[in-house]
Amino acid sequence: MIKYAVDGTYEEQVPFFRSNVKTAMVSGNEEEDTLEHTLNESLQKIFTSMEDFLKNGSGYQMEEVLQLQVTIIKYKPLCAGSYIHLPKTLNMANCLLNVMNQDDRCFMWSVLASLHPPNDGAMQPEQVHHYQAYTDRIDVTGYNFRNQYHRLQSLSDRTQPF
């Protein structure tokens with residue numbers, strides 16, 4: 001941005017205009033339209049900020065755009081599933097119990113481990129056999145364990161008091 005004075009001198013300023021972070025969750029045929037819409041929203045926010053800067057008595061004029069950066073990353077939301085190894089730092093902290101199951105019911109095993117910790121001083125509390133006797137304590141009829149976080153409440157609502 002540049003501002004000219006009456007005497008012919010000028011002042012330069014390099015303001016920054018940016019948009020908010022946007023998340024576009026798309027699949028299939030929606031992808032191109034949704035990404036284009038999201039990009040247009042972001043550009044509109046930048047243009048509006050720049051226009052506001054120019055209109056609000058700054059006296060500046062746009063001379064050139066020095067940089068325009070667009071960053072797009074693939075969004076991979078967490079979802080419930082099978083056993084995965086903890087990162088080394090978390091594993092070494094000895095503050096989490098990661099039940100070693102061979103099925104898709106890791107959320108159920110973690111709930112059971114929380115409700116029924118091995119009280120016999122058992123070695124390897126991460127072993128699933130400690131919790132198999134309690135599977136009837138949670139009604140999982142018709143429950144899809146390959147789910148997203150927002151669906152976990154339904155299983156929580158069906159957990160019987162211990």
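The values are calculated or read from the model by the stated rules, or taken from the named source; none is laboratory data. Quick caveat: nothing in here was measured; it's all calculated off a predicted structure. Cβ placement follows ideal geometry from the backbone for every residue including glycine, while neighbour counts extend to all protein chains displayed.
Worth a mention:
- Summed over the range 104-128, the residues that are of a type in the set (Asp, Glu) and modelled with pLDDT of 85 or more give a count of 1.
- When we screen PHE53, PHE17 for residues that are of a type in the set (Phe, Trp, Tyr), in a loop (DSSP other than H, G, I, E, B) and surrounded by 10 or more Cβ atoms within 10 Å (Cβ to Cβ), the only hit is PHE17.
- Residue count for the range 89-132 satisfying the condition of being under 22 Å from TYR143 (Cα atoms), free of Cβ contacts under 8 Å to residues at least 40 places away in the same chain and β-branched (Val, Ile, Thr): 2.
- Residue, modelled with the highest pLDDT, within the range 20-50, restricted to residues that are part of a helix (DSSP H, G or I) and charged (D, E, K, R): LYS45
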